[in-house]
Amino acid sequence: MPAFIKRKPMLLFLALLLALGGFFAYMALAFPKVRCEGAHLNAPDEYADCLECHLKTTPKVSQDWHESKHGVLLVKCVVCHGQPDGKGSIPFNPAPDPMFICARCHAPSIQRMEEKFGLKPECESCHPNHQNPMHRNAYENRAPSDKTNF
Amino acid sequence: MTFSRREFLKNSAAAVALSAIGGPALAASGPQTAEKWVKGVCRYCGTGCGVLVGVKGDKAVEVRGDPNNHNAGLLCLKGSLLIPVIYAEDRITEPLIRRGGKKSPLEKVTWDEALEFAASRFREAIKSKGPDAVAYYGSGQALTEESYLANKIWKAGFRTNNVDGNPRLCMASAVAGYLTTFGKDEPMGTYNDFDSATCFFIIGSNTSEAHPILFERIAKRKQSSPEVKVIVADPRRTNTSRIADMHIFFKPGTDLALLNGMAHVILRDEMDNNRFHQRYVIFMDNEGKPKTFEEYKAFLADYTPAKVQEITGVPADTVEKAAKIFAESSASLSLWCMGINQRTRGVWANNLIHNLHLITGHIGKKGASPLSLTGQPNACGGVRDTGSLAHLLPAGRMVANEQHRKEMEKFWGVPEGTIQPKMGHHTVALFEAMAKGDVQAVFIHCTNPAHTLPHLNKHTKGLETAFVAMTECFMDAETVKYADVVFPAAFWCETEGVYGCTERRYALTEQAIKPMGNSRPVVQILMDFAQKAGVDPKLIPYKNAADIWEEWRTLSKGSPYDFYGITRERLKKASGIKWPCPTEDHPGTNLRYVRGEDPLVPKDHPNPISFYGRPDGKVVVYLRPHQPPFEPADADYPFVLTTGRVIDHWHTATMTGKVPELKKAYPSAYVEINPQDAAKLNIRNGDQVVLETKRDKMTFPARVTDTCMPGLVFCPFFDKNKLVNRLFHDATDAASREPEYKICSTKVYKQA
């Protein structure tokens, strides 16, 4: 750990706080008409409509999800991640616990994986949630389209 | 107790295995550790997914997909987020009455007082105006035992056929379609056909949002076999079309012409199955007069692809291609839902889909079937099969048929002549009769008509005029505003009962937790109410729901709906069984009417298929001409308005509105409008847009998207603050009496 952090921990904390505050202030002010990252702070009624903003703020993750099986099947962000105010019916977590979240639908698959290969520590290490190859090729036999239905 | 991951999986596997045999099991589930898992069926749509409810102490803490049911463990977002619905803050847990009429407040009272309050009004109504002064308005979400019991209480107890329900609003046209073509209701195929079909023809269904788990199965099938083709025909290009090879936009209300056009191409190019239709099919016109195959061909001469293009707007070569894919695939499966049923010619549209299967022989083999999707979890098993509608009696019997009435009178042990020969009021007529004072008291169970009826401004008068007793779980249901008595009903896994889904599968939801507060199972409420209202106690000798199931199972014995082999014990062990299932050792039926598959077809039957629904053993191809909708767009009202679901919400959102994630994903209704139309009207995303019809006008925020074809606008119907049905007319199908929710004409303009 750098020595100055030991000497001035409060300074670092304040700098981080400022950076974070600045980020949210920028996001809220830079996109005044469209709901965006600032929605986490000022659009409580639409907390669970994640994609609307994340198409702009995290376009790659959003597009990967949209092209994934979960995207085609409309298993939306909140089903696995909860909603950001933490007041949803499942806990908000950017990296959900597979044993709690994935197992709700995929317990039989998890069981088969254990029987075949021994238990893997995380589903995500082999089945990346928002990335190819597993999801990018999902439903590749469908007609090509770059259409977004949202 | 904490579990390692390995221990968790072992327990999870044990839970799955034990749940399958009905025993208690242990499993860990992350933050909330369920102590046991109880088997059931999802509370929402007609897909009928199996669920396991995780219980800790006396609380339900988690819901998972049942790996042993057809959904193989998968759940959609609504099903996986069911728990908050049970513990919603506005659950009704005490009986409530309005002492001083509709405008007085609801007051908490004892069960005895509430039951007597309702029963006395029913007694008075019958005394002053006869038995037809009372009615029951039920639901495709009610348990089978509840619907069967209510049907018996009203038709044999009160002696009125005024028994109808919300299935009239959603699948009555599918029922009449199956009845007219095949002679008996309910499909011949099952979800197993999804795994063998090579052509999916989806018309008038947004399967992706209304039946997500079935959509997953279609997508999986297509992913595993590239030769599989998916055709989606819909005036909206919904998410369902993301896996489609072909999307057919047709002008709203022109589906009959499109289907006849496909039949024309199939016969013109000799892609029909001559051997099949010569053996099994007869042809009939609208009056029921027999016609020949040649006359059918001549009738279809009016539907050349060029003419169909004129009527429907579908390019002629698209009609040709769709017909060719459908006819030449090795197994074609048609799926349809409200887009076909909620039409003034819904029954005809159903017949025309069946026609395609009957002329090509895509029926009675794996993967080939016309399979109507249902919207509610128990419309098929609970209402269609038990005959809980104004014109039906249990197990395929009809009110108008004297022999059928006699059979039911004998079985129920009531004197001959007890059941009236006159049909009761269908839904729209029932609410008109309530407004006129002809029906003075109604018992509403498990549905929300003040939100879902068409032409709401007209039909809520019925609720304002008549005495309304209702069962309800949630205080924010619109109909509660009109209720004189509210009985708090036990919700979903707080009681036990059977659901029968789209594919003839009966599955038991077992009781996982106690009813909340002072709420009671509806079977109990109905029996207590009936006794107080003067129904002969001998008619209702049941201790619990299982006794009612036993009676209903016995009644089905020997009928075309035979499920005598589906005992309560079997239902506790298995994750659903498909009827016909006449004996306890029968595994259930996948291919109905097929020799060697359907136990009701003799093993030595001369033909491989026996359509035993009609006396002559034949099925009917109908010559149904194209007819426009009741209210097409015109110069004054140039747009067509249609309604439907979004994936996040279900029906009137009294349940999904309680789940924070679902509510906040779609907090309110909007109007979907095509960018071309939006540009002409200077409407941008988020603008407030007025929809004005001949009935009313309402304002919605605009969502500019190319989902709707030009000329069409769409509003979801879940939002109680935007009751879009106020804009609709109440014209119904002449045969099924199902209202046309899918099409009305409207003006669209930006709010000044």
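The values are calculated or read from the model by the stated rules, or taken from the named source; none is laboratory data. Every value quoted in this text rests on a predicted model; they were computed, and no experiment measured them. With ideal geometry, Cβ positions are generated from the backbone for all residues, glycine too; neighbour counts draw on all protein chains shown.
Are any of the residues in region B:327-338 under 25 Å from B:E631 (Cα atoms), among the aliphatic types (A, V, I, L, M) and assigned to a helix (DSSP H, G or I)?
Yes, because at least one residue in region B:327-338 is under 25 Å from B:E631 (Cα atoms), among the aliphatic types (A, V, I, L, M) and assigned to a helix (DSSP H, G or I).
For residues that are more than 21 Å from the chain's Cα centre (by Cα) and among the small types (G, A, S), scanning just region A:98-112, find the one that is nearest to the other protein chains (Cβ to nearest Cβ).
A:A107
Which condition from (1) of a type in the set (S, T, N, Q); (2) surrounded by fewer than 24 Cβ atoms within 10 Å (Cβ to Cβ); (3) in contact with a Pro (Cβ under 6 Å, 6 or more places away or on another chain) is the one that B:T318 breaks?
Going through (1) of a type in the set (S, T, N, Q); (2) surrounded by fewer than 24 Cβ atoms within 10 Å (Cβ to Cβ); (3) in contact with a Pro (Cβ under 6 Å, 6 or more places away or on another chain) one by one, B:T318 breaks only (3).
Return yes or no: is B:D269 of a type in the set (D, E) and under 15 Å from B:A322 (Cβ atoms)?
Here the answer is yes, as B:D269 does meet what is asked.
If the requirement is being modelled with pLDDT under 95 and either among the hydrophobic types (A, V, I, L, M, F, W, C) or surrounded by 19 or more Cβ atoms within 10 Å (Cβ to Cβ) (or both), which of these qualifies: B:Y561, B:Y506, B:Y499?
Exactly one of B:Y561, B:Y506, B:Y499 is modelled with pLDDT under 95 and either among the hydrophobic types (A, V, I, L, M, F, W, C) or surrounded by 19 or more Cβ atoms within 10 Å (Cβ to Cβ) (or both), namely B:Y561.
Filter region B:610-651 down to the residues that are more than 14 Å from chain A (Cβ to nearest Cβ) and in contact with a Pro (Cβ under 6 Å, 6 or more places away or on another chain) and list them by number.
B:V640
Does region B:136-146 contain at least one residue that is out of contact with any His (no Cβ under 8 Å at 6 or more places or on another chain), of a type in the set (A, V, I, L, M, F, W, C) and closer than 30 Å to B:D547 by Cα?
yes
Specify which of the listed residues (B:M527, B:M516) is farther than 20 Å from B:T589 by Cα and assigned to a helix (DSSP H, G or I).
Just a single option satisfies the conditions, and that option is B:M527.
If you go through region B:73-99, how many residues are within 9 Å of chain A (Cβ to nearest Cβ) and more than 23 Å from B:D648 (Cβ to Cβ)?
Selection size over region B:73-99: 0.
Tell me which residues, restricted to region B:575-588, are farther than 19 Å from B:L555 by Cβ and crowded, with 22+ Cβ neighbours inside 10 Å.
Of everything in region B:575-588, those that are farther than 19 Å from B:L555 by Cβ and crowded, with 22+ Cβ neighbours inside 10 Å turn out to be B:S575, B:G576.
Quickly run through region B:380-412 and pick out the residues that are hydrophobic (A, V, I, L, M, F, W, C), buried (at least 18 other Cβ atoms within 10 Å of the Cβ) and over 17 Å from B:G558 (Cα atoms).
B:C380, B:V383, B:L389, B:A390, B:L392, B:V399
Among the candidates B:I231, B:I243, B:I311, B:I266, single out the residue that is under 17 Å from B:L358 (Cα atoms) and in the same structural domain as B:N351 (by TED's automatic domain parsing).
Exactly one residue qualifies, and that residue is B:I266.
Would you mind finding the one in B:S668, B:S745 that is within 17 Å of B:P252 (Cβ to Cβ), in contact (Cβ under 8 Å) with a residue 12 or more places away in the chain, polar (S, T, N, Q) and out of contact with any Gly (no Cβ under 6 Å at 6 or more places or on another chain)?
None of the other options fit; the residue is B:S745.
When B:R64 is evaluated against the numbered criteria (1) buried (at least 24 other Cβ atoms within 10 Å of the Cβ); (2) in a loop (DSSP other than H, G, I, E, B); (3) among the charged types (D, E, K, R), which criterion, by number, is the only one it fails?
(2)
Does any residue in region A:57-79 that is within 13 Å of chain B (Cβ to nearest Cβ) come within less than 7 Å, Cβ to Cβ, of a residue that is among the hydroxyl-bearing types (S, T, Y) six or more places away or on a different chain, and which pairs are these?
That search, which allows pairs on different chains as well, returns A:H66/A:T148; A:K69/A:Y139; A:V72/A:Y139; A:L74/B:S208; A:V79/B:S80.
Can you tell me which residues in region B:287-320 are touching a strand residue (DSSP E or B) at 6+ places or on another chain (Cβ under 7 Å), free of Cβ contacts under 8 Å to residues at least 12 places away in the same chain and polar (S, T, N, Q)?
B:T292
Only one of B:D706, B:D616 is at pLDDT below 95, farther than 22 Å from B:F728 by Cβ and touching a strand residue (DSSP E or B) at 6+ places or on another chain (Cβ under 8 Å); which?
B:D616
What about B:Q141, is it within 14 Å of chain A (Cβ to nearest Cβ) and not β-branched (V, I, T)?
On the way: within 14 Å of chain A (Cβ to nearest Cβ): no; not β-branched (V, I, T): yes.
So B:Q141 fails the test.
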